[in-house]
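Bear in mind these aren't lab numbers, they're just calculated from the coordinates by the rules spelled out. Just so we're clear, the structure is a prediction, and the values are computed from it rather than from any experiment. Glycine gets a Cβ as well: all are built from the backbone with ideal geometry, and neighbour counts include every protein chain shown.
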Amino acid sequence: MTFKSCHNPSTEKLNNKNMRQVEIRGLSWRLAILLVVVLLTTAEQVTSQPTDRNSTLMRYYCSMYRGLSEKYFLSNLNTTLSSLRRQLTTSGYAAARTLFNGESVWGLAWCRGYLSIPDCLSCYDYAVDQLKVCGLGNGAHAIYSDCDVRYENFNFFTEANNRAGVVLCDNTTSPQPTEFRKAAEKLLSDLQIAAPRASKYYAVSTRKVDDSNATVYAIAQCNLNVSQSVCSECLQLRSGSLYDCLPTVSGRAMDNGCFMRYDRTPFFGQNQATDISHLLWEDSSKKGPIIGGVIGGVSFFLLLLAIFLWCRRSKKAGRGQQDKSTGSTQLLQGPATYSYNDLKVATNSFSDENKLGGGMFGEVYKGTLKNGDVVAIKKTFLASNRGKTKFNDELKILSNVHHRHLVRLLGYSRKGPHLFLVHEYMENHSLDQFLYGDKTTTLSWKQRFDIIFGTARGLAYLHDQYHVTIIHRDIKTSNILLDNEFQPKISDFGLIRILPEDKTHLSTELARSLNSAYVAPEYANHGHLSQKVDTYSYGVVVLETISGKRCNEDNKSSTPNLLDHAWNLYETGTHLNLVDDKLDPSEYAIEDVTKIIEIALMCTQPTVSARPAMSEVVTLLSDKTLEERPPVRSAITDDEVKIQVDMESSVSNASASTIQLSGR
């Protein structure tokens, strides 16, 4: 509102005088108040930031993919977010997961180390409120200057994501650009060294600017789930990004693994600064012990080397007297070497009566060795273009794979262009013969679940737990063998490493295999290979195991293949129609079957990143015992964090993303 007055010349001087007096008195009061505020500010040390901490949004994203079940996804999301908030009431870092009913929700939240608990919770609540715009997307991330919150449908806790950092630079240049740059670069350099060595991967410090009253304030902090080396690498990259901001007065840089910030204005209290001198290892008094330690370490290493060489020489001298019947040395160094003639006798000259089957990697025969052991012998072509050393190294890799659910390589023999691989013999042959072959025995639900679970464990070992990552490429029911207790053992893993890539028979078989319904689309269409190729094939095998039906391997049938049929049933909520009619319904619980079918469908999603890793599949199958898992019930109360979404807007957003998790 604007006030107006009439103009009166006779009173103008008096009015002007009165106004000047009022202005002087008002100015005096304002100066007095300002003086008090300044005195109070300088007399009292700051212990935390101002309460309005949520204004600087660095980045946020929403996943374009949706969960399989809206009900279970939202329930698990609310449970995870509530758990994160409970943890933040006592700590500035929280991690949680909820894995019920195949809808995985992994959550992570962390606040900057200088925040008080109330300020941390305030930032978290604000971030969660902003993430509501993501609706039913199965992943979201909000990064603020003081905290960040993320949830996904996979385990991302140890991710650093060094190539996707976020950098925000101020537009104002420092009045002392050269001196300010020098002080800031030195401070950031020190912090990126000190923070990974600190107990909580966190350090804040200050540095005076030369020839000025200005001070640089900075922080370096890492996600507590990453390793020290990853933290150090992440901070090196982020500090390099902030160097490009200089000499502006402030900058922020962050990715999933770490956060750095510098500013000319204080954003933490002086009493919160970290003493980083002892973390930099630059004190001259420490050089003596360091040099002594280095000398001692080198001396100890030379001593160990001398002992090793002496032991090696002693072993060579006594090798002729070793009892070779144990085979212990050969098994540790590599697979045993068999005589071709012995294998020929064991298989009756590789007769058709001893033939067990064949596939892309050759024919398999049953053999009985001289000592009475029954083995399986695979006859295939040898890669003529590979050197002997490389061939032996690959065999060593395969022969040292020891796992309950992987067929063991016992030894080998070479004869001309052929390679003969000797494996342990599986009495019950392959899974496909029980599901839709000539075996009369019907697998029970428990046996089928053991096969599903054991196969997942075997693949997880090949992908993540063995010292060399092995991708199978040809997972199918005929390559899952069963021992006398109907426990699964995966066969033919790693053979692509030692067989030729230019042989006509292998190329033909591989081309035929790529047209199979077992093969992931990105591998069949573009040749893109990753562990998720095995995940896709595993999902198809699970559907076959539950249904007792064969997937249409040639993909030329006019009827929908098994995978399409399973998706159709899922979308109509009729999961149980997929179950094998030969199974007794009293053997299984509906919830268990539903959960496993949904896990299989998660594995066969066309988007590679949306598929779970095999280690996560193992977690999903074993997170709660299938027999005793309680009904899913939301653990949240009205006063806890809840995600409420606009169903109409979330549906419209999902429809615009072209690919959904319901996805075929």
May I ask you to compute the full-extension gain from residue 584 to residue 392, defined as 0.36 nm times their residue separation minus their alpha-carbon distance, rounded to one decimal in nm? 64.2 nm
Cα centroid distance between the range 196-247 and the range 89-140, in Å? 24
The FRET efficiency for residue 243 and residue 428, from their Cβ-Cβ distance with R0 = 60 Å and rounded to 0.05, is 0.40
Charge sum, other residues only, whose C-beta stays under 14 Å from residue 483's C-beta, Lys/Arg counted +1 and Asp/Glu -1: -1
Evaluate E = 1/(1 + (r/R0)^6) for residue 227 and residue 172, where r is the Cβ-Cβ distance and R0 equals 30 Å; express this FRET efficiency to the nearest 0.05. 0.20
Amide H contacts of residue 418 (H built 1.01 Å from N, under 5 Å, at least 5 apart or other chain): 382
Which value in nm describes the separation of the simple spin-label points at residue 271 and residue 354, placed 7 Å from the Cα toward the beta carbon? 8.5
Convex hull volume of the range 57-152 per residue (C-alpha atoms, cubic angstrom): 72
In Å, the Kirkwood estimate of hydrodynamic radius for the range 433-482 over Cα pairs equals 12.4
Which value in nm describes the separation of the simple spin-label points at residue 483 and residue 528, placed 7 Å from the Cα toward the beta carbon? 3.8
What's the extension gain from residue 211 to residue 186 if we count 0.36 nm per residue and subtract their Cα-Cα distance? 7.4 nm
Taking loop as defined by DSSP and a crowding limit of 14 other beta carbons within 10 Å, which trypsin sites (Lys or Arg not before Pro) in the range 180-210 fit? 200
Chain lengthening between residue 133 and residue 446 when straightened (0.36 nm per residue, less Cα-Cα): 108.4 nm
Suppose each label sits 7 Å from its Cα in the direction of the beta carbon; what would the residue 310-residue 366 distance come out to in nanometres? 5.4
Check which residues have an amide H placed less than 5 Å from residue 358's amide H, if you skip close sequence neighbours. 364
In the structure shown, of 396/476; 476/549; 344/366; 378/415; 355/378, the pairs separated by more than 21 angstrom at the C-alpha atoms are 396/476
Förster-model FRET efficiency, 35 Å R0, residue 56 and residue 607, C-beta, rounded to 0.05: 0.60
Compute the whole-percent fraction of alpha carbon pairs in the range 166-282 spaced more than 16 Å apart. 55
